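Single-structure report; data block below.
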Amino acid sequence: MNRSLSIITRWPCLSWFRKITQANNMTEKFSLPTRFKDSSYSVWVEFVDLVASHQPLNLGQGFPDYPATGYIPSVLAEVAGSNNNAFHQYTRGYGHPKLVNVLAKLYSKLIDRPINPMTEVLITCGAYEALYSAVAGFIEPGDEVIIIEPYYDCYEPLVRIFGGTPRFVALKNTAPKDTDEPTTSASWKLDPSELEQAFNEKTKMIILNTPHNPTGKVFSYSELETIATLCKKYNVMCVSDEVYEWLVYKPAKHVRIASLPGMWERTLTIGSAGKTFSVTGWKCGWMYGPDFLVRNAVIAHQNNVYCFSTPIQEALARCFEKEIDLLDTPNCYFQSLPNHLLPKRDAFMKTLVDAGFKPTIPEAGYFVIADWSSLAKRVDLSSEPDKEKDYKFAKWLTKNVKLLAIPPSAFYNKEHKYLSQENLRFCFFKKDETLKEARNILTNWKKSLDGCKL
């Protein structure tokens with residue numbers, strides 16, 4: 001009997017069974033933590049893979065395809081080549097002293113109140129980490145966070161990771177569907193009553209994004225007043241994502257919600273070097289606000305990345321010093337950037353209209369939302385896997401027309417994805433040659449559609 005058992009245990013099938021059992025046990029024990037279970041790979045992972053596979057013209061991701069203005073890279077090179085050892089070692093964990101001082105100086109002027117650089121400014125690893133620290137520093141299980149849709153896609157998972165419950169309120173495009181007249185992003189509006197219904201005694205935070213990605217909307221003073229009134233009524237803090245603060249086209253004007261009466265005390269405002277100086281790879285962000293709010297974010301920050309790159313912070317401080325001296329002049333980079341982008345925006349708008357899209361003119365930023373519903377009947381999407389229509393069309397466009405755009409339903413929660421299935425998001429912060437190539441691609445595609453019998 002013992003001999004028989006010994007033979008059985010040596011059978012290859014039993015050895016295979018043991019390996020499978022061990023693998024299953026490991027898979028179960030080392031599975032993804034519950035707090036991440038509702039998360040999936042982001043739209044960026046999926047569409048970057050499409051770029052690698054199909055090599056389309058990339059108008060999806062939000063960055064310029066040409067170098068930043070001349071002096072900005074040279075400042076970093078100067079710092080990197082310096083013999084000052086302090087520039088190559090750890091700096092102050094909550095922000096390089098020179099950078100927090102210059103940011104405090106800038107924003108003190110912009111919101112007309114003194115900001116303490118040591119206690120009311122925090123430097124982070126990109127605006128992404130600023131958002132992370134803001135949510136991590138306040139949200140606990142049972143807290144509710146209001147998120148305005150469409151939203152930058154990290155907002156929802158960040159809230160859920162820390163046990164919060166997102167409450168979604170969508171911007172609605174109020175422009176008439178049956179008009180050929182151009183409409184602007186100002187037509188994307190919140191319903192005030194719907195917004196108030198999202199507030200209750202459990203609401204701890206609202207995340208605001210103005211100027212807005214992806215619509216290009218700039219929230220007006222009266223719209224911000226509505227949000228501010230509700231924050232004060234329900235004792236809610238505001239995390240204001242203002243990374244596109246300098247990319248505003250006249251006559252629109254960016255208003256910082258922290259400057260409204262009673263809002264400094266309950267607002268953390270987030271900025272980005274990548275958007276401010278068109279260097280997204282530098283990955284430096286910041287937040288400013290009252291010390292008792294910044295303090296919570298500081299605790300989250302110090303237990304996450306703790307300290308950000310010293311040479312990049314030193315270089316940014318020097319860039320800001322230069323721009324502050326030029327702030328109210330046409331030579332200021334913050335003033336010249338929207339002027340530089342405006343003709344690109346207008347040329348690309350014409351390209352989209354001529355190709356059969358119905359774009360919304362953005363008041364800010366470098367993205368444009370374009371309605372493609374008039375083309376829907378002329379495109380066979382049956383080969384694409386089941387998903388939202390904008391995903392199908394974006395993938396089809398990438399594979400067949402060799403042009404990449406982002407499906408904006410990625411910026412909505414599951415229940416509201418239907419609101420943007422007839423839109424795509426394009427980025428126009430590209431070389432003129434790139435935008436001309438996009439025009440050629442879309443023109444030729446439109447001709448091929450017009451030549452088909454459907």
What number goes with the only condition from (1) among the hydroxyl-bearing types (S, T, Y); (2) open to solvent by 50 Å² or more (accessible area, probe 1.4 Å); (3) closer than 26 Å to D291 by Cβ that S133 does not pass? (2)
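What tally of residues in segment 346-369 results from selecting those that are charged (D, E, K, R) and either surrounded by 21 or more Cβ atoms within 10 Å (Cβ to Cβ) or not in a helix (DSSP H, G or I) (or both)? Explain how you work it out, then say what you get.
So in segment 346-369, the residues charged (D, E, K, R) come out as 346, 350, 354, 358, 363.
Subset that is either surrounded by 21 or more Cβ atoms within 10 Å (Cβ to Cβ) or not in a helix (DSSP H, G or I) (or both): 358, 363.
Total satisfying the criteria: 2.
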Please determine, by comparing only the residues of segment 297-324 that are closer than 27 Å to S74 by Cβ and of a type in the set (G, A, S), which one is surrounded by the most Cβ atoms within 10 Å (Cβ to Cβ). A315
Here is a check on your reading of the model: is Y221 without any contact (Cβ under 8 Å) to a residue 60 or more places away in the chain, open to solvent by 50 Å² or more (accessible area, probe 1.4 Å) and in contact with a strand residue (DSSP E or B) (Cβ under 9 Å, 6 or more places away or on another chain)? no
So R256 clears everything in (1) open to solvent by less than 40 Å² (accessible area, probe 1.4 Å); (2) of a type in the set (K, R); (3) within 22 Å of F411 (Cα to Cα) except one condition, right? Which one? (3)
Quick check on R439: is it of a type outside the set (D, E) and either part of a loop (DSSP other than H, G, I, E, B) or open to solvent by less than 10 Å² (accessible area, probe 1.4 Å) (or both)? no
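Does S108 fit the bill of being in a helix (DSSP H, G or I), small (G, A, S) and open to solvent by 50 Å² or more (accessible area, probe 1.4 Å)?
no
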Note on S409: of the conditions (1) open to solvent by less than 70 Å² (accessible area, probe 1.4 Å); (2) over 19 Å from V45 (Cβ atoms); (3) of a type in the set (S, T, N, Q), unmet is (2)
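Look at segment 329-345 and say how many of its residues are open to solvent by 20 Å² or more (accessible area, probe 1.4 Å) and closer than 15 Å to E245 by Cα. If you could, list the steps in order and put the result at the bottom.
Step one: list which residues in segment 329-345 are open to solvent by 20 Å² or more (accessible area, probe 1.4 Å), which gives 329-331, 333, 335-336, 339-340, 342-343, 345.
Going one step further and asking which of them are closer than 15 Å to E245 by Cα, we end up with 333, 335-336, 339.
Here the count works out to 4.
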Just one of the numbered conditions (1) in contact (Cβ under 8 Å) with a residue 60 or more places away in the chain; (2) farther than 29 Å from G81 by Cα; (3) assigned to a loop (DSSP other than H, G, I, E, B) is not true of T329; which one? (1)
Give the residues of segment 101-111 that are within 15 Å of P290 (Cβ to Cβ) and over 23 Å from the mean Cα position of the chain (by Cα), sorted by residue number. A104, S108, I111
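Of these, F30, F47, F36, which one is surrounded by 14 or more Cβ atoms within 10 Å (Cβ to Cβ) and of a type in the set (F, W, Y)? Don't jump to the end; show me each part of the working.
Details: F30 fails: surrounded by 14 or more Cβ atoms within 10 Å (Cβ to Cβ); F36 fails: surrounded by 14 or more Cβ atoms within 10 Å (Cβ to Cβ).
After ruling out the rest, the residue left standing is F47.
Of all the helices (runs of 4 or more DSSP H) wholly in segment 1-99, which have at least 3 residues that are modelled with pLDDT under 85 and more than 30 Å from A410 (Cα to Cα)? Quick ask: steps written out before the conclusion?
Values: elements: 2-9, 12-29, 43-54, 71-80.
Answer list for segment 1-99: 2-9, 12-29.
Working only within segment 261-283, note down all residues that are assigned to a loop (DSSP other than H, G, I, E, B), more than 21 Å from L341 (Cα to Cα) and open to solvent by 10 Å² or more (accessible area, probe 1.4 Å).
Within segment 261-283, the first condition is being assigned to a loop (DSSP other than H, G, I, E, B), and the residues that meet it are 261-263, 277-279, 283.
Filter once more, so that each one left must be more than 21 Å from L341 (Cα to Cα): 261-263, 283.
Selection gives P261, G262, K283.
Conditions (1) of a type outside the set (A, V, I, L, M, F, W, C); (2) without any contact (Cβ under 8 Å) to a residue 24 or more places away in the chain; (3) farther than 24 Å from N400 by Cα; (4) open to solvent by 60 Å² or more (accessible area, probe 1.4 Å), marked per residue:
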residue: I20; (1), (2), (3), (4): no, yes, yes, yes
residue: P67; (1), (2), (3), (4): yes, yes, yes, yes
residue: N83; (1), (2), (3), (4): yes, yes, yes, yes
residue: V102; (1), (2), (3), (4): no, no, yes, no
Got at least one residue in segment 116-126 being within 22 Å of the chain's Cα centre (by Cα), open to solvent by less than 50 Å² (accessible area, probe 1.4 Å), on the phi > 0 side of the Ramachandran plot and not aromatic (F, W, Y)? yes
All but one of (1) open to solvent by 10 Å² or more (accessible area, probe 1.4 Å); (2) under 22 Å from A410 (Cα atoms) hold for V169, so report the exception by its number. (1)
Is one or more of the residues making up segment 202-217 more than 24 Å from the chain's Cα centre (by Cα) and either on the phi > 0 side of the Ramachandran plot or polar (S, T, N, Q) (or both)? no
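The values are calculated or read from the model by the stated rules, or taken from the named source; none is laboratory data. This one's a predicted model, so the numbers in the text were calculated from it and none came from an experiment. Note that we place each Cβ from the backbone using ideal geometry, even for glycine, and neighbour counts take in every protein chain shown. Remember, those area values only see protein heavy atoms, side chains included, never the ligands or the DNA or RNA. Shrake-Rupley method; radii C 1.70, N 1.55, O 1.52, S 1.80 Å.
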